[in-house]
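Worksheet: the structure to be examined is printed underneath.
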Amino acid sequence: MAETITAEDPLTGEEIELPADVEVGEIVDSPATGAELEVVSLDPVTLEEAPELEEDWGE
Amino acid sequence: MAETITAEDPLTGEEIELPADVEVGEIVDSPATGAELEVVSLDPVTLEEAPELEEDWGE
Amino acid sequence: MTAGETYTAAVVGGSGFTGGELLRLLYQHPNFDVVQATSRSKERKTVGHVHPNLREMDLRFTSPEDLHSVDVLFAATPHGVSMQQIDEFRDAADTVVDLSADFRLNSEEQYDEWYDGHDCPEYLKKSEYALPEINRENLPGADLIASGGCNATATILGLKPLFDAGHLSGDEQIVVDVKVGSSEGGAGGGDASSHPERSGIVRPYAPTGHRHEAEIEQFLGVSVSFTVHAVDMVRGASATCHVFPDAPVSKGDLWKAYRGSYADEPFMRTVAGGGGVYRYPEPKAVAGTNYGEVGFELDPGNRRVVVFSAIDNMMKGSAGQAVHAANVALGVEETAGLEFTGLHPVGAP
Amino acid sequence: MTAGETYTAAVVGGSGFTGGELLRLLYQHPNFDVVQATSRSKERKTVGHVHPNLREMDLRFTSPEDLHSVDVLFAATPHGVSMQQIDEFRDAADTVVDLSADFRLNSEEQYDEWYDGHDCPEYLKKSEYALPEINRENLPGADLIASGGCNATATILGLKPLFDAGHLSGDEQIVVDVKVGSSEGGAGGGDASSHPERSGIVRPYAPTGHRHEAEIEQFLGVSVSFTVHAVDMVRGASATCHVFPDAPVSKGDLWKAYRGSYADEPFMRTVAGGGGVYRYPEPKAVAGTNYGEVGFELDPGNRRVVVFSAIDNMMKGSAGQAVHAANVALGVEETAGLEFTGLHPVGAP
Amino acid sequence: MTAGETYTAAVVGGSGFTGGELLRLLYQHPNFDVVQATSRSKERKTVGHVHPNLREMDLRFTSPEDLHSVDVLFAATPHGVSMQQIDEFRDAADTVVDLSADFRLNSEEQYDEWYDGHDCPEYLKKSEYALPEINRENLPGADLIASGGCNATATILGLKPLFDAGHLSGDEQIVVDVKVGSSEGGAGGGDASSHPERSGIVRPYAPTGHRHEAEIEQFLGVSVSFTVHAVDMVRGASATCHVFPDAPVSKGDLWKAYRGSYADEPFMRTVAGGGGVYRYPEPKAVAGTNYGEVGFELDPGNRRVVVFSAIDNMMKGSAGQAVHAANVALGVEETAGLEFTGLHPVGAP
Amino acid sequence: MTAGETYTAAVVGGSGFTGGELLRLLYQHPNFDVVQATSRSKERKTVGHVHPNLREMDLRFTSPEDLHSVDVLFAATPHGVSMQQIDEFRDAADTVVDLSADFRLNSEEQYDEWYDGHDCPEYLKKSEYALPEINRENLPGADLIASGGCNATATILGLKPLFDAGHLSGDEQIVVDVKVGSSEGGAGGGDASSHPERSGIVRPYAPTGHRHEAEIEQFLGVSVSFTVHAVDMVRGASATCHVFPDAPVSKGDLWKAYRGSYADEPFMRTVAGGGGVYRYPEPKAVAGTNYGEVGFELDPGNRRVVVFSAIDNMMKGSAGQAVHAANVALGVEETAGLEFTGLHPVGAP
Ligand SMILES: NC(=O)c1ccc[n+]([C@@H]2O[C@H](COP(=O)([O-])OP(=O)(O)OC[C@H]3O[C@@H](n4cnc5c(N)ncnc54)[C@H](OP(=O)(O)O)[C@@H]3O)[C@@H](O)[C@H]2O)c1
Ligand SMILES: NC(=O)c1ccc[n+]([C@@H]2O[C@H](COP(=O)([O-])OP(=O)(O)OC[C@H]3O[C@@H](n4cnc5c(N)ncnc54)[C@H](OP(=O)(O)O)[C@@H]3O)[C@@H](O)[C@H]2O)c1
Ligand SMILES: NC(=O)c1ccc[n+]([C@@H]2O[C@H](COP(=O)([O-])OP(=O)(O)OC[C@H]3O[C@@H](n4cnc5c(N)ncnc54)[C@H](OP(=O)(O)O)[C@@H]3O)[C@@H](O)[C@H]2O)c1
Ligand SMILES: NC(=O)c1ccc[n+]([C@@H]2O[C@H](COP(=O)([O-])OP(=O)(O)OC[C@H]3O[C@@H](n4cnc5c(N)ncnc54)[C@H](OP(=O)(O)O)[C@@H]3O)[C@@H](O)[C@H]2O)c1
Ligand SMILES: [Zn+2]
Ligand SMILES: [Zn+2]
């Protein structure tokens, strides 16, 4: 199994495990919330909630 | 309006009007039947029923 | 826009499903003026109380006991009612158009075989079947018109071109597998037609022995193997006929047959394998309309021709057919009041 | 029957959902003659290839690159297209009716806040909002008309009488809980709109922050708490507004308010607690029509008034509203081409 | 696999909808042995005659007049039946679990206000509300258990974490907009619940004054503005609660609140804006299961929090809740018999 | 409770529809431990991200490039994938169960005729068809198992008893009219499978020439006239077979035949004309389960026997059948992991 590192879930404050080779811009999902999180910086790995794809519902 | 030529509908035998600039391989549809027809040769324009896109329904 | 006089009309059974469709059609028909709609259970209620699409109509249900004198009386009552009240109906109106099975068959024997006999067999020879595609020439001036059965209509319309063109003679094995919506059962209905039980089904409801076989046999001269399934839609009847012509037929033959029978018919479409999403007849493509879609496909593996036919059971299969026939009978514009072309996209109408 | 001249019309985006509705309406409209329908992806296909209800229409899609010169151009393209092509549209036609959000709001600032800005802000002051119930007086002669958003239309129609009658001032908390069908998303659509995933849902798709709030605020002067759910139907938008007037209101007050605002409106029905099955507004009762149903109920437990509003998102909520506005703009019979009253019974249209 | 003894069980009202669900659950429950299912109308018929999913079950309906002696009696009868027969039920069984509203409220006054009074008020203080998420500590050993109302259950589960965490105090305005399927009405049902009339609807069926408000008030200490719509599904209740906390809350606060209340609950899921197609609670994601989904979203425009909650009305909202409570009461594995996780994809269950 | 060891399992194509069903079944199967689920497009996402019913499952999709070593590999990939990767699959696992058509037919010639040839014909003789009702004796110890086609499974199960009992020989004309739900198309899908276009349909999608005819012919020795319609449900395949035995058969003969073939089968039910609402096989009665319902009716008018057969296309018609076969192959309890009996009432699952 690949190596992992940890980062803080910006929504719940809990620790999340990530593959050691994550890159900036990568989208991961929070195990607690399922929300998509974007890796915004490395060393330490910082996560932010990823902007959701706006679905256009024919407005 | 563009010039037109005529060709025989391979299914109904009726005359079909087509744009004068049709090309071999082009798909047109029969006004009578709505079926997709492929231009298989020019001069005179000859049409054949186009092979339908097989939809795979999870077999 | 449409030529012709205006006729007064009454709808007996106006609170029912096909009665509601009659009211909708006649309300916007340039040649009709609805003066009465009857209901025993909804007497004095407005038409819009029952049919929310007709809230603008200024009419209240009255008792069928007290029929007004009108030019045309449409009866949309359950089987057996018209045959008992036919004399009252004819006293009240010059022309009677009946949507039930009571005057569709030609002979008392057929009613003995398929139904529980007939109370007024003397009228059976006088009535005309409503479907213009097979009986247009006898409708002008008709004063007793019997609108067809919905499943029979779908089947007859699908198969007729093959008989017209001589591809079928009547000796062949014909399997007719029908799928219908819940409005076929009318506004009543027990346990099996409640939403929780009736949703999402593919339910064999008339596996064999459906009475519409009698009409099909009467008009096509063939006895069919008929099975009806209820599926999850409200409007629509779709008949798939599996036939095995004795002599080989090509797609060109089929196109010729269908265009031969229907090219001049204002309400018939042949839809057979073109492109796009809607390549064959589909009930939702004709929901709310008087159109009938027919189409076909050849089986490369054997001599089978599969014929598809789709109608709205309450329209082409009943109220629309009735108005269409009345138009022809009275000599007004044939398509008057029946111009609605349906909706797209549309869900499960 | 209907007075007035005949106008030529083009539909840009004719292969889409609302474009198809425009074609259906204009095809049978006594004052319009459709001479062009555009589609890039379906060029040269017949209109009936895409819209099976229009198989009788003798017209093929052409490229939007090559616009014919017409009296009225209807644009049914996605947000952003019209604002970029408005000059071409206006060159091609005397009157432009746009179904997108591109000309609904009055100021560039609103587009900056709710959308991604605007390419042609100079037209924002010149365009007229299409909904006759709130803007009829400004429509005659208008040459740039912006058809409303479907959810905004439902909400505005439901709440307007309470503002008209002074029961609401705009300072109140208003919760708007909307339920919509799948045709709101247009003919495109990803994973979430496939039949297996989209069937049977009650899915919060715009929990907060829906752009239609901007239109509602512009016309009612109130900022609403807006949440939209997708439910299992194709056509229909139903808005339930929960409001808390400062001063007590009675049912009589409410009836007075709604009849005051809508008694003379040809397409508005107030449906509030009568008998029968259909006691409040329901989208399926107006499916396919240009009618809007509004109604209300009082909460005995607190000062809440619940307001219900139901429309067909593609009709009153878009193409029907557009044609209605064009009728008013051109001075033809206001209801022309919009007479269809809907179906009963009907399933999930 | 699952520890514990086996208990004998009877289901009174076994031919109904929730009675059928009880039979399904108990039939495969490792700690129960169903020895009786009653029905007056289906006496002597097999259970599978009514519930086609239980054709393998070897049991016939018997009369409720003749109750067997069992360990646990489940009553799934209409409101009013249990309060009249509670003594017979308690004579027949050590533990009675009632699915009706008859023993949910604490005091006779509440029954006077919300229902038509109560026949056996002396039991109101003795009964325990079934929902383990709010009453687990009082269930062990309980001998009279009242399973909650489905809409009340959905609402309570959605809002509880906000009260637990102090974001709501009970003084706030709370709007609850509920969408439910047709099985909520039970197996009976009139005109409005026939398939043609009930299909495709968004129908306000309890615009105001729904009795479940009483349960919500009893457990959350807040009076809510409650409106229920019927939509086109058979199973499912989805509650959208619009709340306005006095102090600002962040998404992080909300996550903390929901995880705080439910992290250890075996049947609760928090689903709030992750990716994919299913981003918020949806009834079809929990259909057939005892799971409850809750989630939320913040309105950037005002202080609103929108809370979504989805359950299967017959499971978490009734029979599943009842079995869950019985498991806790009897001390067997809490999740026993309730392991089914639901289906994907699934249409409109 | 269930005897036997625990086996590790991988699901290739775990993000698809039948892959999701495999994961659901294996997750709760007492003899399996799922260690891998692959998806290229959803790599690293949780299983619950795609399948909301499996949010509790602690597993993330990994690439199919990197297969773990397991006891059993289930492949739920589109036609053509397994035949190309069969060597990798067999390297990774002792037993391979494939859900596609790639190993169902016995000979390369059949793939040339019905598909576009075969890449690995050497395995065709080694693979075993999964359906225990026709191939149980060859499954124990099998290391390459081909799960059947859903429509073929429904048809074979319906007709087999008539062949077993000698009422059919294979020379007869057999018409098979199938109705299927949208999940048959898998998780992909174009225009025709969007909710607005796919709702409410009775759409001939494979009028003739369906590839499942090959499987039916292989197992029953008869060439059938096969037509498939898409109807408005997500799960379910219902086959109506119209057959004409040479010699007369009675209802008693039919009951004998069906009970003879299926009395000992744990997943087969014969449902033929009893009382109640559910008198014949119905797909919604078996939705989510591994049950197959078969039934029949006699046509009094001719020698026709109508045979009805209903399954869940993703269960008995695919993933359920695969797990059932794996159970038999591995020698664990035959019904392990397949005990779910389905729901009632249920809408359109
Ligand atoms: N539904 C279809 O798709 C369809 C298609 C083809 C043909 N049909 C035929 O059309 C007829 C009507 O069908 P439907 O589906 O519209 O039925 P329905 O919804 O049950 O309506 C029946 C109507 O007849 C009235 N009625 C019943 N008994 C009556 C009596 N003894 N005297 C006077 N009025 C009576 C009922 O109202 P009150 O009880 O209030 O008086 C109601 O208005 C039937 O014969 C049917 O076979 C129906
Ligand atoms: N659906 C509703 O209920 C609803 C309600 C209110 C308002 N609206 C608004 O109405 C408009 C149309 O919505 P819809 O639902 O009908 O959408 P739709 O079904 O997606 O149709 C869009 C149409 O525009 C064409 N199109 C797309 N991009 C184009 C471009 N760059 N240039 C020219 N034509 C283009 C498309 O055809 P080709 O790609 O083949 O050219 C298609 O005909 C949208 O602005 C929507 O917000 C919709
Ligand atoms: N449906 C839901 O989603 C839901 C949710 C929460 C709570 N509940 C509550 O659960 C209870 C049952 O609801 P349901 O939807 O299952 O109702 P239902 O489908 O109408 O079933 C009622 C059952 O009770 C029997 N019954 C009726 N009257 C009786 C009597 N006087 N004595 C003995 N048995 C009688 C009926 O059978 P026979 O008439 O043949 O005896 C039937 O088996 C109700 O109190 C309801 O409020 C239901
Ligand atoms: N649906 C039914 O009712 C049914 C019934 C009987 C048999 N079947 C058969 O079962 C199989 C799966 O059908 P389905 O309906 O589940 O299809 P589906 O929903 O389209 O799923 C296909 C799965 O295969 C994966 N996949 C696609 N191409 C792949 C490749 N080249 N290598 C590895 N993985 C690949 C996909 O995920 P990624 O693209 O993310 O990798 C996805 O997980 C088909 O062969 C079908 O004929 C289906
Ligand atoms: Zn909109
Ligand atoms: Zn298949």
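The values are calculated or read from the model by the stated rules, or taken from the named source; none is laboratory data. These numbers come from a predicted model, not from an experiment. Glycine also receives a Cβ, built like all others from the backbone with ideal geometry; neighbour counts cover every protein chain displayed. Accessible surface areas use protein heavy atoms only, side chains included; no ligands, DNA or RNA. Shrake-Rupley method; radii C 1.70, N 1.55, O 1.52, S 1.80 Å.
Annotations for the structure displayed:
- Couplings for the stretch D:14-22, taken from phi via the Karplus curve 6.51 cos²θ - 1.76 cosθ + 1.60 with θ = phi - 60°, read x, 8, x, 5, 6, x, x, 5, 4 Hz in order; Gly and Pro are left as x.
- Using alpha carbons only: equivalent-ellipsoid semi-axes of the stretch A:4-49, gyration tensor based, whole Å: 14, 11, 9
- Accessible-area rank, largest first, for E:251, F:284, C:256: C:256, E:251, F:284, with all protein chains present and a 1.4 angstrom probe.
- Cα gyration tensor, the protein assembly as shown - rounded (a/c under 1.5), prolate or oblate: rounded
- Fluctuation leader among F:193, F:69, F:318 - chain F, Gaussian network, Cα springs under 10 angstrom: F:193
- Residue and whole-Å distance for the chain F Cβ lying nearest the axis of the F-onto-D rotation are F:195, 3.
- Backbone amide hydrogens, once placed in the peptide plane, bring residue D:174 within less than 5 Å of D:225, excluding anything fewer than 5 places away on its chain.
- Remark: label point of residue E:119 defined 7 Å out from Cα along the Cα-Cβ vector; separations to the same position in other copies 4.5, 7.1, 7.3 nm, ascending.
- Distance histogram for the stretch F:52-197 (every C-alpha pair counted, 5 angstrom bins, percent rounded to whole numbers): 2, 7, 14, 16, 18, 17, 13, 8, 4, 2, 0
- In straight-distance terms, cross-link reach from residue C:42 covers every one of the aspartates and glutamates whose alpha-carbon lies under 20 Å from its own, apart from those fewer than eight places away in the same chain; here that gives C:21, C:56, C:58, C:65, C:66, E:191, E:197.
- Sorted largest first, extent of the stretch C:9-115 alpha carbons per principal axis (Å): 45, 25, 24
- Cβ neighbours within 10 Å from other chains - mean over C:296-305: 4
- Separation between Cα centres of the stretch F:273-322 and the stretch F:167-220, rounded to whole Å: 15 Å
- The rule of thumb for compact globular proteins, 2.2 N^0.38 Å, goes into the C-alpha radius of gyration of the stretch F:128-267 1.15 times.
- GNM top mover of C:268, C:233, C:57 - chain C, alpha-carbon springs below 10 Å: C:57
- Average Cα contact separation per residue, the stretch C:51-166, under 8 Å, 6 or more apart, as relative contact order %: 22 percent
- Position residue D:263, label points 7 Å along Cα→Cβ, spacing to each other copy in nm (shortest first, one decimal): 5.8, 6.3, 7.8
- Bridge type composition, chain C - antiparallel percent by DSSP, nearest 5: 45 percent
- Across identical copies of the chain, residue D:191 has label-point separations of 2.4, 4.2, 4.6 nm, listed in ascending order, with the point defined 7 angstrom from Cα along Cα→Cβ.
- Probe 1.4 Å, accessible area per residue of the stretch F:24-153, Å²: 39 Å²
- Coil-residue trypsin sites (Lys or Arg not before Pro) of the stretch D:9-115, DSSP, other Cβ within 10 Å capped at 14: D:40
- Each residue of the stretch C:329-338 was assigned a 3J(HN,Hα) from its phi angle through the Karplus expression (A = 6.51, B = -1.76, C = 1.60, θ = phi - 60°), giving 4, 8, x, 8, 3, 4, 8, 4, x, 10 Hz with x at Gly and Pro.
- Helix F:81-92 axis versus longest C-alpha principal axis of chain F: approximately 50°, rounded to the nearest ten.
- Square roots of 5 times each gyration tensor eigenvalue, C-alpha, the stretch C:227-339, largest first, Å: 27, 18, 12
- Database remark: amide H of residue E:348 closer than 5 angstrom to the amide H of F:234, F:348 (H placed geometrically; neighbours at sequence offset of 5 or more, or on other chains; Pro and chain starts carry no H).
- Average partner coverage of C:284-290, which counts Cβ from other chains inside 10 Å: 5
- The mean number of partner chain beta-carbon atoms within 10 angstrom of a residue's beta-carbon across peptide D:177-188 is 6.
- Euclidean distance between Cα centres, the stretch C:28-49 to the stretch D:1-71, Å: 36 Å
- Accessible area buried, both sides summed, chains D and F with 1.4 Å probe, Å²: 1100 Å²
- Hz values of 3J(HN,Hα) by residue in the stretch D:191-202 - Karplus curve (6.51, -1.76, 1.60), Gly and Pro given as x: 3, 5, 9, 6, 4, x, 7, 8, 6, x, 8, 10
- Nitroxide proxy distance, nm - points 7 Å out along Cα→Cβ at residue D:246 and residue A:23: 6.0 nm
- Spin-label model, residue E:41 to residue F:255: label points 7 Å out along the Cα-to-beta-carbon direction sit 2.7 nm apart.
- R0 of 30 Å, Cβ-Cβ distance residue E:79-residue E:136: FRET efficiency to nearest 0.05: 0.70
- Equivalent ellipsoid dimensions for chain E as semi-axes, Å, which come from the Cα gyration tensor, largest first: 32, 22, 21
- Amide H contacts of residue E:129 (H built 1.01 Å from N, in plane; Pro and chain starts excluded): E:146 sit under 5 Å, all sequence-distant by 5 or more or on other chains.
- Pair-distance profile P(r), taking every C-alpha pair of the stretch E:187-280, with 10 angstrom steps and integer %: 11, 30, 36, 19, 4
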